[in-house]
Amino acid sequence: MCGIPVGVDHGHVVDVDNRALMCVCRACFMLFTWEEGVGRYRAVPGRYLHDPRRPLASADWRRLGIPVGSAFFLRGESGVTAFYPSPAGATECLLDLRAWAELTEQHPLLKAAMPEVEAVLIRETPGGVECYLVPIDACYRLAGTVRMYWKGFDGGQEAHERIEEFFADVRSRSRPFDPPEG
């Protein structure tokens, strides 16, 4: 953004007009943290949340009509858009908006993501449904992992191991969600 080289540990800013994620130095990152959800450029916060008091059930996940086992949901100016990580990158998919609206009433975490910079990441596993509020750059990191390591029809062992490592990291960073009163 300003031309200063960034190191391995750096922040991200979303260019809302171009739907682009930009690596930025600390000073540029701080410029866009002052007013939440306003302007063309928005800093990506670092919060990871889950709601252990209101877990999603497999039936909730199936109501959304997502054709794969994991997806992320990004709120923007025009509503909610669903994406799933695929060998082609983050792939937009159809979302049953009525089912989403009903679930957000039962699960406040689903509507707590800041527009454009945070997403709700959901994954169904044989052990149940995992649901997190994460920075949008985490979702693109997952999409990049799938794109880089997926082999053949089922992904292969290395892809599955890397995806498990990603979700283990998300779980370790995630803190309990405390919904606002009201």
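Would you check which residues across the stretch 13-30 are surrounded by 15 or more Cβ atoms within 10 Å (Cβ to Cβ) and of a type outside the set (Phe, Trp, Tyr) and list them? It would help to see each step written out before you state the result.
Kept after step one, since they are surrounded by 15 or more Cβ atoms within 10 Å (Cβ to Cβ), are these residues of the stretch 13-30: 13-14, 16, 21-25, 28-29.
Within the stretch 13-30, 13, 14, 16, 21, 22, 23, 24, 25, 28 qualify.
So that you can scan it fast, the table gives a plain yes or no per residue for (1) surrounded by fewer than 19 Cβ atoms within 10 Å (Cβ to Cβ); (2) within 16 Å of the chain's Cα centre (by Cα); (3) not in a helix (DSSP H, G or I):
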site	(1), (2), (3)
83	no, yes, yes
101	yes, no, no
119	no, yes, yes
132	no, yes, yes
158	yes, no, no
171	yes, yes, no
181	yes, no, yes
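Scanning the stretch 4-29 for residues that are among the aliphatic types (A, V, I, L, M) and closer than 28 Å to residue 108 by Cα returns 13, 14, 16, 20, 21. Being modelled with pLDDT of 95 or more, closer than 19 Å to residue 53 by Cα and surrounded by fewer than 18 Cβ atoms within 10 Å (Cβ to Cβ) is a condition met by no residue of the stretch 142-156.
Please determine, by comparing only the residues of the stretch 133-173 that are touching a helix residue (DSSP H, G or I) at 6+ places or on another chain (Cβ under 8 Å) and hydroxyl-bearing (Ser, Thr, Tyr), which one is nearest to residue 113 (Cα to Cα). In this case the residue turns out to be 145. Of all residues in the stretch 39-61, those satisfying the criterion of being under 13 Å from residue 129 (Cα atoms) and either touching a residue at least 60 places away in the same chain (Cβ under 8 Å) or in a loop (DSSP other than H, G, I, E, B) (or both) are 50, 51, 52, 54, 55, 56, 57, 58, 60, 61.
The values are calculated or read from the model by the stated rules, or taken from the named source; none is laboratory data. In this text, all values refer to a predicted model and were calculated from it rather than measured experimentally. Cβ atoms come from the backbone with ideal geometry, glycine included; neighbour counts cover every protein chain shown.
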